[in-house]
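Written below as structure tokens is the structure these notes are about.
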Amino acid sequence: MTNNQSISMDQMNAKINQLYRKLYTIEQKIETKADDIVLTMLLNQRNDLEQLQSDIVQIKKEISRSPETDSHHIIHAKANNNTKKRIKVMPFPQKT
């Protein structure tokens with residue numbers, strides 16, 4: 001477009017509407033991506049909680065099978081490596 005050419009109001013409005021549509025599409029994609037990320041995080045946390053619950057059940061079984069007189073009996077639970085990595089990346093505030 002040279003300096004001697006100009007666009008009509010209709011053309012300008014059409015271009016502005018086109019930009020609005022593109023912006024709306026981009027916003028929708030961002031919202032969808034954010035929803036996908038949150039869903040993935042929730043599913044990972046749910047899996048972690050289910051694993052912890054399973055570990056607790058196993059520990060309870062081991063405690064119930066151990067002799068009551070053995071006060072030095074120690075049970076070790078193995079932490080999930082995925083959980084350790086995520087906690088380092090996204091630490092949660094501790095309640096005081």
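Read-outs throughout are calculated quantities, based only on the coordinates presented, and are distinct from any laboratory measurement. What you see is a predicted model; the values in this text were computed from it and never measured. Positions of Cβ are generated from backbone atoms using ideal geometry, with glycine treated the same way; all protein chains shown enter the neighbour counts.
Tabulated data for the structure shown
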{"read-out": "Dipole of region 10-63 [Lys/Arg +1, Asp/Glu -1 at C-beta], most positive-end residue of L39, I56, Q28", "value": "Q28"}
{"read-out": "Value of Rg/Rh across region 10-63 [Cα atoms, Kirkwood radius]", "value": "1.58"}
